[in-house]
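The values are calculated or read from the model by the stated rules, or taken from the named source; none is laboratory data. Fair warning: this is a prediction, and the values are worked out from it, not measured in the lab. Reconstructed Cβ throughout: ideal geometry from the backbone, glycine too, with neighbour counts over all protein chains shown. We work out accessible area using only protein heavy atoms, side chains counted, and drop any ligands, DNA or RNA first. Shrake-Rupley method; radii C 1.70, N 1.55, O 1.52, S 1.80 Å.
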Amino acid sequence: MYFQYQHLFQKKSIWHFLIALIVVLLFSCKDRLENKDDAPVISNKPTTKITPKKKELNGGLYFPKGFHATVVVDSIGPSRHIAVNTNGDIYAKLREPNGTKGNMALRDTTGNGAADIIQRFGEYPNDGTFATEMRIHNGYLYFSSEQVIYRQKLTPNQLIPEGKPEVVLTDYFPKRWHNAKSLAFDKKGNMFVTFSAPTNACEDPNSVGQIKGMNPCPGLEVLGSIWKFDENKLNQSQQDGELYATGVRSMVAISWNEMDNSLYGLQHGRDYLHNHAPQYFSKWDQAVLPAEEFMKIEEGDNFGWPYSYYDHFKNKKLIAPEYGGDGKKEAKDYKNPIMGLPAHFAPNDLLFYKGDAFPERYKNGAFIAFHGSMNRTPYPQAGYIVAFIPFSNGKPTGTWEVFADGFAGVDTIISMPDAKYRPMGLAEGADGSLYISESKQGKIWRVQFNGDKETFGTEQLSEMESRKSKSYLKTPKKLKNNLNKT
C-alpha cells in the first residue's frame, strides 16, 4: 500500500519526522565521504577541450564486429545524461555547481558526424554536480538540477529552446548525497521521479562497535523511493505526487519500457559490508557484493533497502548486517530484482532499444551505461562499459553482454582517476543510432551498424564475451587479485 506525501506531515508527526530525517541527513555527511561509487570529481581547474594527437578507431572504443563509432564531440566538460532530437540535435546536462547555463546543445551542419555548433544555454540556477537528467518528451526538453526539474518547449529546427525554463517540480529538502533527479514518462501523462536515499544503510549515528541501522528508517518513503507526478502540472512539490515504490537506495538509471508498458530501473547497491560487519564479511565480500539490482517497478513495490540486499551469487535477498543479518539469513518480505548485476558497477543510464538499424537481437533489449566503481579496494575497480541485455516479453533472456568497451584506457583500474572515461548517458537517434556520453570530460560517441544483420551472431558476440577476462569485468580471485597482497 502506498500513501500520499502529505500523510507524513500530519500535525502530530511533523516534528518527530523532521528531527529524525535531519539526523539521517547529518549522518549522510560521513557516508558522503565514504561512499564513492558515484561520487562527483570536482576540480578548480578550468575545463579545456582535449584534441587527440591522432584519430582513434571508433574513438578508442571496442564493439562487436559490424558496429562503428564516430566522435560527435571530444569534450564539452563534465556532464551527465544526454538526449537526441529527431533532427539529430544533441542536448547534454552539464555538471555545473554554480552560475547559470547548465545545459549544452550540439548540432552537426556538415553531415560528417561531428558537432560544429556547440552552445551553452539554460537560464536557471545551477545547484550541484548531481544535476543529471536530459530528456525529450512530447515536444518538451526536460532537464533536472539537483533540486529542480525544468522543461522548455522545443521549436522545430531551432537548436536552443525559446523562453525561460518552466519549473515542473521542486525538491524542498536540503541538498544531499545521491541527489539526482532522473525521470521516466509513461503513455498516460505521468512522470516518474527518483528520490534517492542520502545514506549507505540508514546507519544509526549512535552505534557503538558494529554499525546498526535505524529501525524504522526515518523518511524512507520520501528519500528512498520513486514518486509519480502529473507531467503537465507546473510548480509541483513532492507532496503533489504519489508514492509509487519504496525501498530503493539510489537510482540514476530509470526508463519506461513501451513493450510491456512498465517502469524499469537499476539500483546502486549498498556498500561497506566488511567495514560495517567484519565478523561476517571479508574485504573480498565487500568488493563483489551486493548486486546492482535491475528492477521491474510496479505500483506499491518495496525492494527492501536498507533492511536487505541482493546476493547475485545466491540469487537471494538477504538481511542487511545493520539489521541482524550475517550473510546467510534470507529476507523474504521484499520484491526481488529481475536480474542481479555485478557489484559497484554503478549503472547510471538505461535505454530500451526501439530502432531497426541494429541486428534483430538488439530490438527491445536493454543498454546499460556502467559508470564504474570507486570502492572495491584492495581489488581492481570495475565496470566502465556499456552493456547489453537481450529481452523478451518483459524479461531478460540471458546474461549481460559487453557492448562497448575501452572507456577505461587501462587494463587494471587501481582507482577511479586511472580510468580515461566513465560511461554515463545513453540516447537513441531517429535513425536508430546509439549515442553514448561519458562524465569526466564530456566526450560523446555515435554508434552505428554497417555490417551484415543476417550473419551477425555467435562469432561477434563471443569476441566481446572474451573481454570479460579483463580485471575490471571479471570476479576477482580472493588472493591472486588482491592489489595489496605482500
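Has region 257-266 got any residue that is under 30 Å from Lys480 (Cβ atoms) and either among the aliphatic types (A, V, I, L, M) or touching a helix residue (DSSP H, G or I) at 6+ places or on another chain (Cβ under 6 Å) (or both)? I'd like the intermediate steps shown before the answer.
Our first condition is that a residue be under 30 Å from Lys480 (Cβ atoms); within region 257-266, this holds for 266.
After this cut, where a residue has to be either among the aliphatic types (A, V, I, L, M) or touching a helix residue (DSSP H, G or I) at 6+ places or on another chain (Cβ under 6 Å) (or both) as well, the list is 266.
For region 257-266, residues under 30 Å from Lys480 (Cβ atoms) and either among the aliphatic types (A, V, I, L, M) or touching a helix residue (DSSP H, G or I) at 6+ places or on another chain (Cβ under 6 Å) (or both): present.
Looking at (1) more than 23 Å from the chain's Cα centre (by Cα); (2) open to solvent by 20 Å² or more (accessible area, probe 1.4 Å); (3) in contact (Cβ under 8 Å) with a residue 12 or more places away in the chain, can you tell me which one Tyr172 breaks?
(1)
Can you pull out the residues in region 458-475 that are open to solvent by less than 40 Å² (accessible area, probe 1.4 Å) and touching a Lys or Arg at 6+ places or on another chain (Cβ under 8 Å)? Before the answer, list the steps.
Quick first cut of region 458-475, residues open to solvent by less than 40 Å² (accessible area, probe 1.4 Å) only: 460, 464, 468, 471-473.
Scanning region 458-475 gives Gln460, Lys468, Leu473.
Can you name every residue in region 324-357 that is under 30 Å from Gly432 (Cβ atoms) and in contact with a helix residue (DSSP H, G or I) (Cβ under 7 Å, 6 or more places away or on another chain)?
Tyr353
May I ask you to say which residue of Pro161, Pro97 is modelled with pLDDT of 95 or more and either aromatic (Phe, Trp, Tyr) or assigned to a loop (DSSP other than H, G, I, E, B) (or both)? First the steps, then the outcome.
Numbers: Pro97 fails: modelled with pLDDT of 95 or more.
The unique qualifying residue is Pro161.
Check region 434-450 and report whether any residue there is touching a helix residue (DSSP H, G or I) at 6+ places or on another chain (Cβ under 9 Å), free of Cβ contacts under 8 Å to residues at least 24 places away in the same chain and open to solvent by 10 Å² or more (accessible area, probe 1.4 Å).
Within region 434-450, none of the residues are touching a helix residue (DSSP H, G or I) at 6+ places or on another chain (Cβ under 9 Å), free of Cβ contacts under 8 Å to residues at least 24 places away in the same chain and open to solvent by 10 Å² or more (accessible area, probe 1.4 Å).
In region 416-432, how many residues are under 19 Å from Asp405 (Cβ atoms) and either touching a Cys at 6+ places or on another chain (Cβ under 6 Å) or crowded, with 19+ Cβ neighbours inside 10 Å (or both)?
8
Just checking, how many residues over region 306-351 are of a type in the set (Asp, Glu) and touching a residue at least 60 places away in the same chain (Cβ under 8 Å)? Even if it seems obvious, please write down each step before you answer.
The initial filter retains those residues of region 306-351 that are of a type in the set (Asp, Glu), namely 311, 322, 326, 330, 333, 349.
Cutting the leftovers down to touching a residue at least 60 places away in the same chain (Cβ under 8 Å) gives us 322, 349.
Total meeting the criteria: 2.
Output the residues belonging to region 264-274 that are farther than 30 Å from Gln210 by Cβ and surrounded by fewer than 24 Cβ atoms within 10 Å (Cβ to Cβ). Spell out the reasoning first.
Initially, region 264-274 is screened for residues farther than 30 Å from Gln210 by Cβ, giving 264-265.
Tyr264, the sole residue that qualifies.
Are any of the residues in region 27-36 modelled with pLDDT of 85 or more, among the hydrophobic types (A, V, I, L, M, F, W, C) and either under 30 Å from Tyr142 (Cα atoms) or open to solvent by 30 Å² or more (accessible area, probe 1.4 Å) (or both)? Please lay out each step first, then the result.
Pass one, region 27-36, residues modelled with pLDDT of 85 or more: none.
Taking every residue of region 27-36 in turn, none turns out to be modelled with pLDDT of 85 or more, among the hydrophobic types (A, V, I, L, M, F, W, C) and either under 30 Å from Tyr142 (Cα atoms) or open to solvent by 30 Å² or more (accessible area, probe 1.4 Å) (or both).
Give me a count of the residues in region 101-148 that are polar (S, T, N, Q) and open to solvent by 10 Å² or more (accessible area, probe 1.4 Å).
First pass over region 101-148, keeping only residues polar (S, T, N, Q): 103, 109-110, 112, 119, 126, 129, 132, 138, 144-145, 147.
Now narrow it down to the ones that are open to solvent by 10 Å² or more (accessible area, probe 1.4 Å): 109-110, 112, 119, 126, 129, 138, 147.
Adding up the residues that qualify gives 8.
Are any residues in region 232-253 in a loop (DSSP other than H, G, I, E, B) and under 18 Å from Ala180 (Cα atoms), and if so, which ones? Steps first, please.
Pass one, region 232-253, residues in a loop (DSSP other than H, G, I, E, B): 232-235, 241, 247-250.
Result: Gly241, Gly247, Val248, Arg249, Ser250.
Got a sec? Which of Lys175, Lys188 is among the basic types (Lys, Arg) and more than 28 Å from Ser79 (Cα to Cα)? Give the steps one after another, and end with the answer.
Values: Lys175 fails: more than 28 Å from Ser79 (Cα to Cα).
Step by step, each of Lys175, Lys188 is checked, and only Lys188 is among the basic types (Lys, Arg) and more than 28 Å from Ser79 (Cα to Cα).
For region 223-256, enumerate the residues that are among the hydrophobic types (A, V, I, L, M, F, W, C) and farther than 30 Å from Ser437 by Cβ.
Let us first name the residues in region 223-256 that are among the hydrophobic types (A, V, I, L, M, F, W, C), namely 223, 226-227, 229, 234, 243, 245, 248, 251-254, 256.
Across region 223-256, the qualifying residue is only Leu243.
Please report, ordered by residue number, the strands (runs of 3 or more DSSP E) entirely within region 109-156 with at least 3 residues that are more than 17 Å from Ser79 (Cβ to Cβ).
So the answer is 148-153.
Hey, which of the strands (runs of 3 or more DSSP E) in region 396-486, taking only ones fully inside, have at least 3 residues that are closer than 24 Å to Gly340 by Cβ and under 19 Å from the mean Cα position of the chain (by Cα)?
Numbers: elements: 401-404, 423-428, 434-438, 444-449.
Output list reads 401-404, 423-428.
Take the residues in region 185-227 that are in a loop (DSSP other than H, G, I, E, B) and among the small types (Gly, Ala, Ser), then tell me which one is most open to solvent (accessible area, probe 1.4 Å).
As a first pass, look at region 185-227 and keep what is in a loop (DSSP other than H, G, I, E, B): 186-189, 196-202, 204-212, 214-224.
Applying the additional criterion that residues be among the small types (Gly, Ala, Ser) yields 189, 196-197, 201, 207, 209, 219, 224.
Details: Gly189: 20, Ser196: 7, Ala197: 1, Ala201: 1, Ser207: 32, Gly209: 68, Gly219: 8, Gly224: 0 Å².
For region 185-227, the residue satisfying everything is Gly209.
Of all residues in region 177-236, count the ones that are among the hydroxyl-bearing types (Ser, Thr, Tyr) and farther than 26 Å from His137 by Cβ.
So in region 177-236, the residues among the hydroxyl-bearing types (Ser, Thr, Tyr) come out as 182, 194, 196, 199, 207, 225.
Among the residues that remain, those that are also farther than 26 Å from His137 by Cβ are: 199, 207.
The number of residues fulfilling the criteria is 2.
Quick one: which of Asp411, Asp405 is of a type in the set (Asp, Glu) and open to solvent by 10 Å² or more (accessible area, probe 1.4 Å)?
On the way: Asp405 fails: open to solvent by 10 Å² or more (accessible area, probe 1.4 Å).
It is Asp411.
Identify, by number, the condition in (1) open to solvent by less than 40 Å² (accessible area, probe 1.4 Å); (2) at positive phi; (3) modelled with pLDDT under 95 that Asn393 doesn't meet.
It fails just one condition, (1).
Keeping to region 254-281, report how many residues are assigned to a loop (DSSP other than H, G, I, E, B), out of contact with any Leu (no Cβ under 9 Å at 6 or more places or on another chain) and hydroxyl-bearing (Ser, Thr, Tyr).
Here the count works out to 1.
Based on this model, can you work out whether Asn364 counts as touching a strand residue (DSSP E or B) at 6+ places or on another chain (Cβ under 6 Å), of a type in the set (S, T, N, Q) and open to solvent by less than 10 Å² (accessible area, probe 1.4 Å)?
Numbers: touching a strand residue (DSSP E or B) at 6+ places or on another chain (Cβ under 6 Å): yes; of a type in the set (S, T, N, Q): yes; open to solvent by less than 10 Å² (accessible area, probe 1.4 Å): no.
Spelling it out, it is not the case that Asn364 is touching a strand residue (DSSP E or B) at 6+ places or on another chain (Cβ under 6 Å), of a type in the set (S, T, N, Q) and open to solvent by less than 10 Å² (accessible area, probe 1.4 Å).
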